[in-house]
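First comes the structure, then the notes that go with it.
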Amino acid sequence: MTRRPLLAGNWKLHLGPGAARSLAAAIAAKVGDVAEVDVAVFPTALAVPAVVEALRGSMIGVGLQWASPHAQGAYTGTNSSVLAREVGCSWLLAGHSEVRRDLAEDDARVRSSVLGGLDAGLLPMVCLGESLEERRADRVEDVITRQLAALYDGLPADRAAVLTLAYEPLWAIGTGETATPDQAQAVHALIRGWLADRFPAFVAAETRVLYGGSVKPSNAAELLAQPDIDGALVGGASLDAESFAAIVNAAR
Ligand code: PGA
């Protein structure tokens, strides 16, 4: 089966509602009606309603960058998947390395957030990846399989198949340094093989594994041409409508 490419923009803590609305409208004008690939953007939570509004009528989905596993209640300072759904999100990002680093999110919390997202009807996109030290110590496989095991433990195949993964080597995020297509493909193949060993064949066949880490118009086509790379999670280059549209078009 062929997996539909998915291109996602992670806007991180950039752009308040006004600037996010403008960027969303500019992206929609360029690729809002693209039917052969899926496109999604992750604005800051405060800008989500403005972006949902700007993208209404387009094919572009919107997601929350982080969610508590709880639906609602006495959890000051957090956001939930249930409320994200209510304001029009379809996606949930989980396990981004900046959240793991800055908010002490560990594998267990990533998993709870993902389960909360599934329960709320969101499509979780889960980030994994190794640090530079781990790569140098030849521990890539250990790290990736540990993250996969924690995420998928006990998950039934029909729920597992809903997840999207994003392989984001930490040393390539925001550094301008990209994994080579061969380096990325090797990890993507490892991930798909791991899924194939543990679930019925449709899970590995259907799961989209995106690459993230300094993806830009000049390197997108090469990365996306790899057999196990099904799209990209784009940080810096997604903040410019022209660059992001060029990356989306590279996947068509
Ligand atoms: P980058 O960020 O494209 O700026 O490296 C990717 C990400 O953090 O998702």
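Data table
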item: For W66: the one exception among (1) in contact (Cβ under 8 Å) with a residue 40 or more places away in the chain; (2) under 14 Å from the mean Cα position of the chain (by Cα); (3) not in a loop (DSSP other than H, G, I, E, B); result: (3)
item: Condition met for A172 (open to solvent by 30 Å² or more (accessible area, probe 1.4 Å) and more than 23 Å from P69 (Cβ to Cβ)); result: no
item: Residues (part of a loop (DSSP other than H, G, I, E, B) and surrounded by fewer than 18 Cβ atoms within 10 Å (Cβ to Cβ)) located in the range 123-160; result: S131, A137, D138, R139, D153, G154, P156
item: Which numbered condition M1 misses (of (1) over 12 Å from L239 (Cα atoms); (2) at pLDDT 95 or above); result: (2)
item: D138 vs. criteria touching a helix residue (DSSP H, G or I) at 6+ places or on another chain (Cβ under 9 Å) and more than 14 Å from the ligand (Cβ to nearest atom); result: no
item: Failed item in (1) within 16 Å of the ligand (Cβ to nearest atom); (2) part of a helix (DSSP H, G or I), with L92 passing the rest; result: (2)
item: The range 184-225: number of residues that are assigned to a helix (DSSP H, G or I), among the hydrophobic types (A, V, I, L, M, F, W, C) and open to solvent by 30 Å² or more (accessible area, probe 1.4 Å); result: 9
item: Among residues of the range 161-183, those that are closer than 29 Å to L132 by Cα, away from the ligand (no atom under 16 Å from the Cβ) and not in a helix (DSSP H, G or I), counted; result: 1
item: Yes/no for G117 being surrounded by fewer than 19 Cβ atoms within 10 Å (Cβ to Cβ), touching a residue at least 24 places away in the same chain (Cβ under 8 Å) and of a type outside the set (K, R); result: no
item: Qualifying residue in the range 217-234 (condition: over 18 Å from A179 (Cα atoms) and of a type in the set (G, A, S)); result: no
item: Evaluation of I247 against (1) more than 23 Å from L132 (Cβ to Cβ); (2) surrounded by fewer than 19 Cβ atoms within 10 Å (Cβ to Cβ) (one fails), failing number; result: (2)
item: Scan of the range 97-114 for residues that are within 16 Å of the ligand (Cβ to nearest atom) and either open to solvent by less than 60 Å² (accessible area, probe 1.4 Å) or more than 20 Å from L83 (Cβ to Cβ) (or both), ordered by number; result: S97, E98, V99, R100, R101, D102, E105, V110
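Yes/no per residue for (1) over 20 Å from A120 (Cβ atoms); (2) over 18 Å from the mean Cα position of the chain (by Cα); (3) modelled with pLDDT of 95 or more; (4) not assigned by TED's automatic domain parsing to the domain that holds A220:
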| position | (1), (2), (3), (4) |
| --- | --- |
| A25 | yes, yes, yes, yes |
| K30 | yes, yes, yes, yes |
| L46 | no, yes, yes, yes |
| V62 | no, no, yes, yes |
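The values are calculated or read from the model by the stated rules, or taken from the named source; none is laboratory data. As the structure is a computational prediction, the values presented were derived from the model and not from experiment. Neighbour counts are summed over all protein chains in view; Cβ atoms, including those assigned to glycine, are modelled from backbone coordinates with ideal geometry. The protein model used for the area step is the full one, side chains on, heavy atoms only, and it has no ligands, DNA or RNA in it. Shrake-Rupley method; radii C 1.70, N 1.55, O 1.52, S 1.80 Å.
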